[in-house]
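*Asks:* My questions will all concern the structure given below.
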Amino acid sequence: MTLWMRLRVLCCRTVAWLWRLLRRREACAAWLRRSYELQGIVFRGEPRYIDFSVRLDALGGLTIGEGIVMSVDVLVLTHDYSITVGLSAAGQSPTTDMAIQAPVTIGARAVIMPGTVLGDHVIVDAGAVVRGVIPNDSIVVGNPAVVVKRASEWAVAKLKSTPENQIHRDVC
């Protein structure tokens, strides 16, 4: 067998291996989404990317919008047992419905606390601890998270300050 034929066989094997890996990853993502749905999490459309290390607590109601991006080690809590114990002593039941609208980007190791509602086009900074209602078109940072600017204004300024050949535009 000539060197050219060996390289051709190696390339075919590599392409076949990559194709199997891609199909396995798609199957894992579909399985992960289905497992979240079985826990009671409602998806409104298709998420853009949810890392495998994300933890979605499904003890309360959680609705996730289309096009959401959740980075590494994001934690979404839908319950708070300290409030539950206090309210049960008072004879009441807590409401913990949460919503993450579309499209939202949540950075690495961010924590979304119970009762939080993230509006449309919100960017959550890495490590932020978010609680409450976050308005549309916001960037939130810190612990506790505060709104620092509008996402649209930040994006326009970023486009103006970045050379054209370094801009990555999504085609989706």
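No lab work stands behind these numbers, since they all come straight from the coordinates. Just so it is clear, the structure is predicted and the values come from calculations on it, not from any experiment.
*Asks:* Taking every pair of distinct Cα atoms and averaging 1/r, then inverting, what Kirkwood hydrodynamic radius in Å comes out for the range 41-160?
*Replies:* On the way: mean 1/r = 0.0683 Å⁻¹.
Over the range 41-160, the inverse of the mean reciprocal pair distance is 14.6 Å.
*Asks:* HN-Hα J couplings of the range 106-116 from phi, Karplus 6.51/-1.76/1.60, θ = phi - 60°, integer Hz, Gly and Pro as x?
*Replies:* 10, x, 4, 6, 6, 10, 9, 7, x, x, 6
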